[in-house]
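Working notes, structure below.
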Amino acid sequence: MSRSTAQSVSPDAVIAVGDRFEDFLVNRGTVPVSDLLARLRSGDIPDGLTVGIGQGLSDGELEEIRTLADRLAPAVTVAKPGVPERARQRLTHKHDAKNVLIGPVGQTGEHRFAADLVLDQRVEVLEDHLTGQHIPAITLLEAARQFWTVVTEQFYVTGPDRTRFVIGSVGSTFHSFVFPLAATLQYELLELTRTPVGPVFKCRISIHHGDTLASVIDAEYRVIPEPFSVKQEKIAARQAVSAELTRLREQSAPAMSGDRVA
């Protein structure tokens, strides 16, 4: 580890965080994941080291920590719940694995579900927007969207037919910063309405740091058959283009004869 990092690390416990969170890494007990991996590879570690997994780690880094911790046990222990995994890429509707922001979803009660926040520092909603020590709100909103998508497709809309999600409304309240530490998301289904063109869901998603409620996101969305969605979108697109062309023609039309200057 670098001198500045080593000075801030507890000898018996560290929290691994993505290297990009430079401002957050000034906090005592945090360590850049690149430095931690270098020490684990060399075996230059104190006996009884406990490693906590923060945010910003890639799948490759998570897997290497898992492998090295197993090899170095019992000198190294990964704090519970252990090294996280990501939800299946297909369920989150993301093409690139690094953009998946949540772990596998589990059911915790009737119409209640939970998942871990599992943030890769290269994620699209973070790579060009990182200010201060906290995780930006836009990143948390995308994590919530992925969460309700996975819950819906895994537990409510499970047939073979392809569907699309249409968001009706989203409202958010932020009570405290979410820092690049372990965090969980909880989903509560508030209302489910069946309609001829697909079910409408109203849900509440809360994001927690341990026992601290950090933010609440309320959303309403409809899940509709893909062929119907494609047809409606094409119609809407044609109407939008037609309206814009009409506006452009009206702007360029000659002035009325009564407005002309002699």
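The values are calculated or read from the model by the stated rules, or taken from the named source; none is laboratory data. Everything numeric in this text was worked out from a predicted model, so none of it was measured. Virtual Cβ from ideal backbone geometry, glycine too; neighbours counted across all protein chains shown. When the accessible area is computed, the model is the full protein with side chains, heavy atoms only, and any ligands, DNA or RNA have been set aside. Shrake-Rupley method; radii C 1.70, N 1.55, O 1.52, S 1.80 Å.
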Of all residues making up the range 174-197, the number that are farther than 19 Å from residue 115 by Cβ and among the hydroxyl-bearing types (Ser, Thr, Tyr): 3
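State all residues of the range 47-58 that are surrounded by 12 or more Cβ atoms within 10 Å (Cβ to Cβ) and farther than 12 Å from residue 18 by Cα; if no residue qualifies, say none.
48, 49, 50, 51, 52
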Tally, over the range 253-262, of residues that are part of a helix (DSSP H, G or I) and either open to solvent by 90 Å² or more (accessible area, probe 1.4 Å) or at pLDDT 90 or above (or both): 2
Quick check: is even one residue across the range 101-117 open to solvent by less than 10 Å² (accessible area, probe 1.4 Å) and in contact with a Gly (Cβ under 8 Å, 6 or more places away or on another chain)? yes
What tally of residues in the range 78-108 results from selecting those that are at positive phi and of a type in the set (Gly, Ala, Ser)? 1
Condition set part of a strand (DSSP E or B) and either among the small types (Gly, Ala, Ser) or touching a Phe, Trp or Tyr at 6+ places or on another chain (Cβ under 8 Å) (or both), scope the range 48-64, selection farthest from residue 36 (Cα to Cα): answer is 56
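Conditions (1) more than 28 Å from residue 51 (Cα to Cα); (2) among the charged types (D, E, K, R); (3) touching a strand residue (DSSP E or B) at 6+ places or on another chain (Cβ under 8 Å), marked per residue:
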site	(1), (2), (3)
132	no, no, no
140	no, no, yes
152	yes, no, yes
158	yes, no, no
176	no, no, yes
179	no, no, yes
195	yes, no, yes
Of the residues in the range 213-233, those that are closer than 12 Å to residue 202 by Cα and of a type in the set (D, E, K, R) come to 218, 220, 222
Answer yes or no: is there a residue in the range 233-241 that is open to solvent by 50 Å² or more (accessible area, probe 1.4 Å) and in contact (Cβ under 8 Å) with a residue 60 or more places away in the chain. no
All positions within the range 160-189 that are surrounded by fewer than 18 Cβ atoms within 10 Å (Cβ to Cβ) and in a loop (DSSP other than H, G, I, E, B): 160, 161, 162, 175, 176, 177
Considering each residue of the range 190-229, count those that are modelled with pLDDT of 95 or more, open to solvent by 10 Å² or more (accessible area, probe 1.4 Å) and among the β-branched types (Val, Ile, Thr), and give that number. 3
